[in-house]
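Chemist: One structure follows; several queries about it will come next.
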Amino acid sequence: MPSRPPPKGPIPTIRKKIDRIDQKIMSLLVQRAGLALQIGQYKKEHQLPVYEPAREQEVCARAAQLSRHPLSKTNAKNIFHAIIRVMRSIQLSRGTRHVS
């Protein structure tokens with residue numbers, strides 16, 4: 001497979017900015033995962049369900065309200081559904097129980 005020439009114009013500069021944003025996003029996701037683990041531990045100790053549909057709807061609705069062009073409300077909801085799904089799987093992998 002032939003190699004492509006490196007992108008020209010503003011693309012490399014824009015990609016560097018995206019990379020910096022991605023680093024910030026990952027840092028925030030790691031912090032969020034740590035907090036999700038704390039909640040998961042509390043839920044485990046108090047025999048509470050991991051899955052809380054009302055809370056998930058609340059978080060996704062707030063994300064939709066905060067979204068701005070070019071990120072649609074639907075995009076924002078989908079992103080946060082995915083984030084919550086991953087956080088829930090982290091809680092479950094740490095031994096909390098799942099009740100749906």
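Each reported figure results from applying straightforward, stated rules to the coordinates on display, with no laboratory input. Since the structure is predicted, the reported quantities are computational estimates derived from the model, not experimental observations. Positions of Cβ are backbone-derived with ideal geometry, glycine not excepted, and every protein chain shown enters the neighbour counts.
Chemist: Rank-order 83-93, 62-72 by packing density, defined as the average count of other C-beta atoms within 10 Å over each peptide's residues, highest first.
Modeler: Highest mean packing first, the order is 83-93, 62-72.
Chemist: Same structure again: Starting from the Cα of Ile79, move 7 Å in the Cα-to-Cβ direction to define the label point; list residues of the range 6-45 whose amide nitrogen is under 15 Å from there.
Modeler: Under cut-off, by backbone N: 18-30.
Chemist: I want the local charge near Asp22. Using Cβ-Cβ distances under 13 Å, sum +1 for each Lys or Arg and -1 for each Asp or Glu among the other residues.
Modeler: +4
Chemist: Which order do peptides 45-55, 7-17 fall in by mean Cβ count within 10 Å, highest first?
Modeler: In decreasing order of mean packing, 45-55, 7-17 become 45-55, 7-17.
Chemist: If the cut-off is 18 Å between C-alpha atoms, which aspartates and glutamates fall inside it for Lys77, apart from same-chain ones fewer than 8 positions away?
Modeler: Of all the aspartates and glutamates, those that pass the test against Lys77 - Cα under 18 Å, at least 8 places apart if same chain - are Glu52, Glu56, Glu58.
Chemist: First select every other residue whose beta carbon is under 9 angstrom from the beta carbon of Ala63; then total the charges, Lys and Arg +1, Asp and Glu -1.
Modeler: Value of the local net charge: +3.
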